[in-house]
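Notes follow once the structure below has been shown.
The values are calculated or read from the model by the stated rules, or taken from the named source; none is laboratory data. Everything numeric here is computed off the predicted structure, so don't read it as measured data. Heads up, the Cβs are rebuilt from the backbone with ideal geometry, glycines too, and the neighbour counts pull from every protein chain shown.
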Amino acid sequence: MMPANDNKTRREEIAMFKSMKRLLLGVLLLGAGSAVAADRISAETAAAIADKSGVSQQLADFGPSMRAGITTNPELASKMTEAQLDTLLKAFEAAYAPGRLAADIHAELVKTLKPAAAKDALAWLESDLGVRITALENGATELANDPDKMAAAQKLLERLPPRRAERYIALMKATGADESGAQIVLNSSLGMAYGAAATLGSSKPDLDVLRKELEANRPQMVEALGNTYIVMFASVYQEVAEADLDKYLAFAESPSGKAYHKAITVALDVALTNAAKEAGRQIGEAGRAKKIQSDA
């Protein structure tokens, strides 16, 4: 028989062993958690990338664009009563609010953009050349909406040396400008179609069905936008030296550059899809509230 003191010592050893196991397990879990966290960028980094890339500045345009897309479309506007149109526009204003879109974009960047690529992207965006090129790109919206400036850009493109024009084509492919542009147009069209259908229909429309219908025209949209972007590049980058343009292309074609541009495109896609769903939800809630009032 084991002496009483030996039994006590044994119990103490077992208790200590269990405590050490719990402590060790906690350390391992903490380390695992740190490893997962280290593989993701912070929300602050995501916000910095959205700001410095110019994406944040573009978010204020979506709400007014959705409003204009409905109010300037006589076929859609004529089908709605004044109350329905007001409900739809209010839903768009809330769902496509810049702050709401930004929150979704930041969250998606945290999930999709790896720290190494984010670090390289920020290094580029914060460089003197990166800041200058981003500023030029932010002014491109005005160019696209001016037929005279686009005609001048077309003539400029036709006069360019072959190598310069080839750089623009390579830059478009590396950044995926045509694909991301098509995605924005598709999502904006989807939002308007979904919002209008939710307002006019007796039942909630199927977002996936609407998306599939719009996706059928995607190849033609990408091709048309690609041609438009090359014309725009001729004007936007005309003051950028050949060597600087090569530096921009080198970043865009690097693994980090491709990951950064893809992450931005995916983040915008998610944010705009969520906005369409939110608009549909708000329209549905407004309809139910109105029905309750009328039944009361």
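Among residues of region 136-145 being more than 19 Å from the chain's Cα centre (by Cα) and part of a helix (DSSP H, G or I), the one that is modelled with the highest pLDDT is Leu136. Scanning for something in a helix (DSSP H, G or I), in the same structural domain as Asp51 (by TED's automatic domain parsing) and touching an Asp or Glu at 6+ places or on another chain (Cβ under 7 Å), does region 207-218 turn up at least one residue? No, because not a single residue in region 207-218 is in a helix (DSSP H, G or I), in the same structural domain as Asp51 (by TED's automatic domain parsing) and touching an Asp or Glu at 6+ places or on another chain (Cβ under 7 Å). Take region 261-281 and flag every residue that is over 20 Å from Arg211 (Cα atoms) and in contact with a Leu (Cβ under 7 Å, 6 or more places away or on another chain). Passing the criteria: only Ala263. For region 169-192, does any single residue satisfy the condition of being closer than 18 Å to His261 by Cβ, touching an Asp or Glu at 6+ places or on another chain (Cβ under 8 Å) and surrounded by fewer than 17 Cβ atoms within 10 Å (Cβ to Cβ)? Yes. Taking region 74-92 as the range and being basic (Lys, Arg) and either in a helix (DSSP H, G or I) or not assigned by TED's automatic domain parsing to the domain that holds Leu249 (or both) as the test, only Lys90 passes. Within region 125-144, residues that are loosely packed, with under 13 Cβ neighbours inside 10 Å reach partners that are at pLDDT 95 or above with beta carbons closer than 7 Å, at six or more positions or on different chains, in the pairs Glu126/Lys52.
Which of the residues belonging to region 211-234 are crowded, with 20+ Cβ neighbours inside 10 Å and of a type in the set (Ser, Thr, Tyr)? Tyr229 - this is the single residue of region 211-234 that is crowded, with 20+ Cβ neighbours inside 10 Å and of a type in the set (Ser, Thr, Tyr).
The residues listed here are Lys155, Lys173, Lys149, Lys204; of these, the one that is of a type in the set (Lys, Arg) and farther than 30 Å from Ala250 by Cα is Lys204. Evaluation of Gly130 against the conditions (1) at pLDDT below 95; (2) in contact with a Phe, Trp or Tyr (Cβ under 8 Å, 6 or more places away or on another chain); (3) not hydrophobic (A, V, I, L, M, F, W, C) shows that the sole unmet condition is (1). Can you name every residue in region 93-120 that is outside any loop (DSSP other than H, G, I, E, B) and touching a Phe, Trp or Tyr at 6+ places or on another chain (Cβ under 9 Å)? Across region 93-120, the qualifying residues are Pro98, Leu101, Ala117, Ala118, Asp120.
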